[in-house]
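Just so it is clear, none of the values below were taken in a lab; they were calculated from the coordinates. Since this is a predicted model, take the numbers as computed values, not measurements. Here Cβ is always computed from backbone atoms with ideal geometry, including for glycine, and neighbour counts include all displayed protein chains.
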Amino acid sequence: MAAPKNTQTSPRPGSSEAAASGWASLGAGGIGRLWLLGGGAVVVLALVAALVFSGAAAARTLSDPGALTRWALPLARSVHNLSAAAVIGALVFAVGILPPRLRPSRRGREDRDGDAAGHPAFTRVLTLAAGAAIAWTLSAVAVLVFSFSDVAGQPLSADPSFTSALVGFMTDISTGRAWLCVTISAAIVATLVFGVRSVTELAGTLVLAVVGGLVPLALIGHSAGGNDHMGAVN
């Protein structure tokens, strides 16, 4: 008597089942989730200690933006930098290092979904990219808002004048325009990471993440040959 065949199939790449499997096995074969959480806690504690030791979060005599902005802006920048690096690094692995599938599809012998099973490492790295892209987008929004509060010396407020000035910051000031571009780019990258799976499309997503996420911040840097260079550095 023939043994019953195993009809269980692996999740199709890009499906909700594959995403759930990726979240469940994110730490498998690599850095565990507890280590990731511990590393995040160490970063936060080190940042708080640096702010306290340097006095960077102390109240200002003039144009004080409030305690929330003084503490939240450095934290948001740290999350932004780490999540952007995670997105770009994960996409580099997905595009140039990890195979997208366990085996190449044979002509005329494809599975019922029309393709070979997705490689577990490829699924996990895209899951990491998706989660980091969400954090990147949210932290970019936070940096944009808190940067305006810091530059204007105004605490966060729901007052229409604050909102109007924030819009002007995003449209008329180079720093605000740069962070708006970064936020939009991060949101597009997050959407694409959830929706695309081909290597070519992921390569385009990687280019957008690098160009849209890093170039605007480089363009608002201060030139070494510019006026008052030392003041800008300070």
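Evaluating 6.51 cos²θ - 1.76 cosθ + 1.60 at θ = phi - 60° for every residue in region 165-180, the Karplus couplings come out as 5, 5, 4, x, 4, 6, 9, 10, 9, 4, 5, x, 5, 5, 5, 5 Hz, glycine and proline recorded as x. If R0 is taken as 22 Å, the Cβ-Cβ distance between A67 and L37 corresponds to a FRET efficiency of 0.25.
Amide H to amide H distances under 5 Å link R101 with H119, where only residues 5 or more positions off or on other chains count and H is placed in the peptide plane. Applying 0.36 nm per residue to the separation of T191 and A158 and subtracting their alpha-carbon distance, the gain on full extension is 9.0 nm. Backbone amide hydrogens, once placed in the peptide plane, bring G153 within less than 5 Å of nothing, excluding anything fewer than 5 places away on its chain. Stretching the chain fully between L217 and A56 yields a gain of 55.8 nm (0.36 nm per residue, less the alpha carbon separation). The T175 and F93 beta-carbon pair, evaluated with R₀ = 25 Å, returns a calculated FRET efficiency of approximately 0.20.
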